[in-house]
Every structure is written in structure tokens, then in C-alpha cells.
Amino acid sequence: MSNWLFELQDVGLRFGRVQALQGCTLRIAAGERVALVGANGSGKSSLLRCLHGLLVPTEGRMARTPGRQAMVFQRPYMWRASVLHQVALGLWLAGTPWRLARQQALAALQRVGLDGLAQRSAHSLSGGQQQRLAMARAWALRPQVLLLDEPTSSLDPAGKKDTEALMADFAAEGATLIFSSHNMGQVKRLASRVIYLEQGQVRVDAPVALFFNKAVPSAATAFLQGELS
């Protein structure tokens with residue numbers, strides 16, 4: 001039996017005339033911390049959505065091991081409900097009785113330091129607080145795999161620090177972490193492996209130390225020079 005959580009073989013994704021992904025072949029194992037990097041439009045978000053099952057590849061083959069997953073988006077959607085209910089509803093939809101869902105939601109909010117705001121409207125929170133709330137919603141489901149799409153791109157330094165700390169904690173608890181980022185410092189701090197995409201193709205797949213020592217194909221050199229300057 002395969003030990004891989006994800007196995008992609010020549011995966012492609014097309015939207016009409018737009019080829020979002022092409023020829024993507026990779027494997028991801030449990031416990032890895034994988035960063036997806038590349039310029040805007042390189043395919044990072046499309047690949048994350050395929051891994052999460054939100055998009056179905058139009059070419060190639062993708063196998064996903066059954067298990068609980070959660071995804072945190074760059075701009076998390078908040079409906080008109082309290083902070084507590086934002087988390088409890090996800091648990092209830094997953095089959096948890098409502099009273100227990102509320103208890104578990106409060107524990108998740110305590111985990112991210114938002115329990116004191118449980119009765120507040122989610123729309124009244126700052127951007128950093130909303131991102132922590134999104135992390136609480138994900139953590140409450142106890143996912144085996146946590147996928148994050150540019151989770152700190154719109155946050156101030158304090159919000160970025162808080163979110164990174166939560167990501168590191170989730171990884172330390174055994175979750176597989178797969179995230180896209182333009183922040184190379186963040187990639188260095190959090191990732192064990194880097195996948196560099198260009199025009200929908202996987203051009204580099206390397207351990208983080210090897211990637212940043214520039215012992216990589218020239219495809220990523222110009223990108224790194226721009227991002228690290």
C-alpha cells in the first residue's frame with residue numbers, strides 16, 4: 001500500500017483556453033511541510049485547489065489518500081455570524097452535535113487566542129484576527145492535511161507572526177502542511193520542501209536548504225533573485 005497522501009502523474013488543468021497546470025508530477029507524504037512558490041499566475045492556487053478536491057484535473061492522474069483536510073484561503077470568507085458560530089457551524093456540518101460543536105469551537109478559539117471575542121461578529125475583527133479565526137475553523141476539524149493559500153499576504157507584521165506560529169504548531173502536532181507563499185523568509189522558517197512552479201509546470205522540487213543554496217536549475221534563479229532582493 002502506498003504511503004503517499006497525494007500522487008500526481010502528468011496532471012493538467014485547463015479553463016477554456018487557459019492552461020493553469022500542465023504535466024505536474026509529484027508526491028507528498030504525511031508529515032511534510034511543503035511550500036509552493038512562483039510568480040503570480042504560476043499555478044500555485046490551482047494546484048492547492050486540486051489537492052483539496054475543489055478542482056478536478058482535466059489531464060493526467062491524481063490519487064488522494066482519504067482523510068480529513070482543511071483549507072485556509074488568502075481572504076477567508078466570513079458570514080454574518082458570531083466568531084463562535086463561525087467555527088461551530090463547520091463542526092456541525094461535519095456531523096458533530098450542536099452542543100458539542102460549540103464546546104469544541106470554544107476550545108479552538110482558545111487555541112488561537114480569540115475566546116474572549118467569541119460573541120463578537122466576525123465582520124468586526126481585524127484582518128489578522130479573521131485569519132486566526134480561519135485557522136481556528138481549520139484546526140477544530142483536526143485535519144490530517146492543512147492547505148493554505150497565501151495565508152499571510154494581506155496581514156501586518158504582528159498578524160504574520162501569529163499566523164506563522166499557528167502553522168508551525170499545527171505541523172508540530174503532526175499535520176501535513178502545504179502552503180503557497182511569496183514570502184521567502186516564511187518559506188525558510190516553515191517548509192521542509194519547496195516546489196517552484198512556472199507557467200503551470202513544476203520546474204523545481206527540492207529540500208528547502210538545497211533550494212535556497214541555489215543548487216537548483218536556472219529556472220528558479222531569477223525568481224529567487226527578485227524575491228530575496
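The values are calculated or read from the model by the stated rules, or taken from the named source; none is laboratory data. Because the structure is predicted, anything quoted here is derived from the model rather than measured. Don't worry about glycine lacking a Cβ; one is built from the backbone with ideal geometry, like all the others, and counts go over all protein chains shown.
Examine the stretch 192-199 for a residue that is assigned to a strand (DSSP E or B), more than 13 Å from the chain's Cα centre (by Cα) and among the basic types (Lys, Arg), and state whether such a residue exists. If you could, list the steps in order and put the result at the bottom.
First, the residues of the stretch 192-199 that are assigned to a strand (DSSP E or B): 193-198.
Next cut, more than 13 Å from the chain's Cα centre (by Cα) only: 193-198.
Pick out the ones that are also among the basic types (Lys, Arg) and you get 193.
The answer is yes, given that some residue of the stretch 192-199 is assigned to a strand (DSSP E or B), more than 13 Å from the chain's Cα centre (by Cα) and among the basic types (Lys, Arg).
Can you go through LEU21, LEU54, LEU93, LEU89 and tell me which one is in contact (Cβ under 8 Å) with a residue 24 or more places away in the chain and aliphatic (A, V, I, L, M)?
Values: LEU54 fails: in contact (Cβ under 8 Å) with a residue 24 or more places away in the chain; LEU93 fails: in contact (Cβ under 8 Å) with a residue 24 or more places away in the chain; LEU89 fails: in contact (Cβ under 8 Å) with a residue 24 or more places away in the chain.
Being in contact (Cβ under 8 Å) with a residue 24 or more places away in the chain and aliphatic (A, V, I, L, M) holds for just one of LEU21, LEU54, LEU93, LEU89, which is LEU21.
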Query raised in the report: In this structure, is LEU54 assigned to a loop (DSSP other than H, G, I, E, B) and within 30 Å of LYS188 (Cβ to Cβ)?
Result: yes
Query raised in the report: Could we say that LEU48 is modelled with pLDDT of 95 or more and either assigned to a helix (DSSP H, G or I) or in the same structural domain as TYR196 (by TED's automatic domain parsing) (or both) here?
Result: yes
Requested in this report: Please enumerate the residues belonging to the stretch 108-123 that are in a helix (DSSP H, G or I) and surrounded by 14 or more Cβ atoms within 10 Å (Cβ to Cβ).
Outcome: ALA108, LEU109, ARG111, ASP115, LEU117, ALA122
Requested in this report: With the condition kept exactly as written, say whether any residue in the stretch 65-80 is more than 16 Å from the chain's Cα centre (by Cα), modelled with pLDDT under 95 and surrounded by 14 or more Cβ atoms within 10 Å (Cβ to Cβ).
Outcome: yes
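From the residues in the stretch 140-164 that are assigned to a helix (DSSP H, G or I) and modelled with pLDDT of 90 or more, which one is nearest to GLY95 (Cα to Cα)? So that I can check it myself, show each step before the final result.
So the first thing to find is which residues in the stretch 140-164 are assigned to a helix (DSSP H, G or I), and the list is 140, 157-164.
Within this subset, residues satisfying the condition of being modelled with pLDDT of 90 or more are 140, 164.
Values: ALA140: 13, GLU164: 29 Å.
Among those that are assigned to a helix (DSSP H, G or I) and modelled with pLDDT of 90 or more, it is ALA140.
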Query raised in the report: Which of the residues belonging to the stretch 169-191 are assigned to a helix (DSSP H, G or I), free of Cβ contacts under 8 Å to residues at least 12 places away in the same chain and under 11 Å from GLY31 (Cα atoms)?
Result: ALA172
Query raised in the report: Do we find that GLY16 is over 13 Å from LEU133 (Cα atoms) and in contact with an Asp or Glu (Cβ under 9 Å, 6 or more places away or on another chain) in this structure?
Result: no
